[in-house]
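Nothing in this text is a laboratory measurement; each read-out follows from the coordinates by a stated rule. Quantities reported herein were computed from a predicted structural model and do not represent experimental measurements. Don't worry about glycine lacking a Cβ; one is built from the backbone with ideal geometry, like all the others, and counts go over all protein chains shown.
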Amino acid sequence: MVAEELTKNKQQSTLFTKNLTVEFVYNQIRNLAELEGEGTVNKKIGLISELLTSASPNESKFIVRTILEQLRVGIAEGTIRDAIVWCFFSEKLKLKYTQETNELNVPKENQQEYSKILDSIQNGYDLTNDFGEVFRIIKEEGIKALEKIQLKAGKPLNVMLFQKAKNIEEAFEIVGKPCALEFKFDGFRLQCHCNNSKITLYTRRLENVTKQFPDVVEILKNGLKSNNYIIDAEAIGIDPKTKKWLPFQAVSQRIKRKYDIEELAKKVPVMLHVFDIISCNNESLLEAPFYRRRHFIEKIVVPIENKLAAAKQIVTENLEEAEKFYAESLSLGNEGIMAKNLSSPYKPGSRVGFGIKIKPILETLDLVIVKAETGEGKRAGWLTSYTVACYDDKKERLLEIGKVSTGVKEKEQEEGVTYEEITKLLKPSITETKGNFS
């Protein structure tokens, strides 16, 4: 917003002013990421200045948001997937969109084909993590060509996600009996790739964090009997003195770290628990049942004390045995347990029936908001991230216990309280402001 206001006040054009095109903006931002070496900062400032000099006020706002990775325009992956279907198959499927009611009509006789095309595009995206590549393949080779996409170690793919169950009985109903039960660690998920002994680490959001975890790279080099694989693992912090498992907060500080990485790795070492495998020795295991994938894990993982292990697992249909395993996991500081269907394939995304997580249901707490941060992007102008506190009767003071932001809605038509409503309630109570506040 500052960039937008400053650009409004721009008095004159310079010799370098030009009409902006998508291609020019894209290339300039791409050049930013590729600059290295001495004088890089000044070169980057020059590239951004050239963009802003030529930009209108509205363009300036979106250029800055893009560079800061705060664009937030409300377009999720599903929106792009559906748009690709409309682009290529609206005529074939006789799709009709009514703008006034914002409704898409798929003729009954074409609904099965529509769902099949959607699934094919989603699967292509899950394997490539690139809608641009999916679009190119359909345009140049046709949708059937998506079936030829091969897994390749070193190229991240979307992870498989599990939903929640209220208790173990419900988990048994969903995944079936017997099932595999595993510890649900309070750590940091890593998708670990090894391609001809070159190891790359990705977060669940597919960010490359290899540099932040050099110790994990060494653990994998020493503890996995394969030089080509993709595995799913959880990194948990270890107390270097007591060797006890630490909560997520202990290891989270390493995720965005850029400096003194090795020093921090000594202060907060991690242990890696391998809980799934996606490929091994160039063999895709996406369609392999979970029990077979677990066999691969046990075959290639060489346990290293306090550094590497296969996730602890039992296979059972006995409720009492499951409850005992659940209690053991919680006693070690874990979040709970996972229940997994033994015959399920590995399917990226949230899949009902493939696996379920069971965690304790926390009691409802009466808390008060004591601090708030202004939102960014679509949420600009609202107070969106809230620090909450409980009351200490003895010392008659408020004690901060954490931050809350989820569960609040952006639009009035959505069910529940909105950011705008909370902002109106909070503003009269503001006693002090710091930094970016409007």
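Laid out as a table, the results:
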| item | result |
| --- | --- |
| Net length gained if the chain between LYS424 and GLU91 were fully extended (0.36 nm per residue, minus Cα distance) | 115.2 nm |
| Point-to-point label distance, ARG292-LYS324, nm (Cα→Cβ direction, 7 Å offset) | 3.2 nm |
| Equivalent ellipsoid semi-axes - Cα gyration tensor, the chain, angstrom | 38, 32, 27 |
| Fully extended contour minus Cα-Cα distance, from GLU34 to ASN105, at 0.36 nm per residue | 21.1 nm |
| Partners for LYS394 among lysines (Cα-Cα distance below 28 Å; same-chain residues under 8 apart left out) | LYS371, LYS403 |
| For region 368-429, diffusion coefficient by Stokes-Einstein and Kirkwood Rh (Cα), 20 °C, 1.002 mPa s, µm²/s | 170 µm²/s |
| Entries of LYS166/LYS340; LYS184/LYS241; LYS92/LYS347 with Cα pairs more than 18 Å apart | LYS184/LYS241; LYS92/LYS347 |
| Cβ-Cβ FRET estimate between ASN9 and ILE401, R0 fixed at 45 Å, reported to 0.05 | 0.55 |
| Cα pair distances exceeding 22 angstrom across region 292-438, given as percent | 64 percent |
| For the chain, size of Cβ-based charge dipole, Lys and Arg +1, Asp and Glu -1, in debye | 920 debye |
| Region 207-355 - convex hull of the alpha-carbon atoms, volume per residue in Å³ | 127 Å³ |
| P(r), alpha carbons of region 222-296 - 10 Å bins starting at zero, rounded % | 16, 37, 28, 18, 1 |
| Cα-Cα P(r), region 77-148, percent of pairs per 10 Å interval | 19, 53, 25, 3 |
| Restraint check, LYS211/LYS266; LYS10/LYS378; LYS164/LYS267, Cα-Cα greater than 22 Å | LYS10/LYS378; LYS164/LYS267 |
| Per-peptide average of other Cβ atoms within 10 Å, ordering 277-287, 95-105, 336-346, 202-212 highest first | 336-346, 277-287, 202-212, 95-105 |
| Order of ILE75, ILE356 - criterion: other Cβ atoms within 10 Å of each residue's Cβ, fewest first | ILE75, ILE356 |
| Sum of side-chain charges, PHE290 neighbourhood, beta-carbon under 14 Å (Lys, Arg +1; Asp, Glu -1) | +1 |
| Shape metrics for region 1-130, restricted to C-alpha atoms - Rg then Dmax, Å | 20.8, 63 |
| Added length on full extension, which subtracts the Cα-Cα distance from 0.36 nm per residue, VAL315 to LYS434 | 37.5 nm |
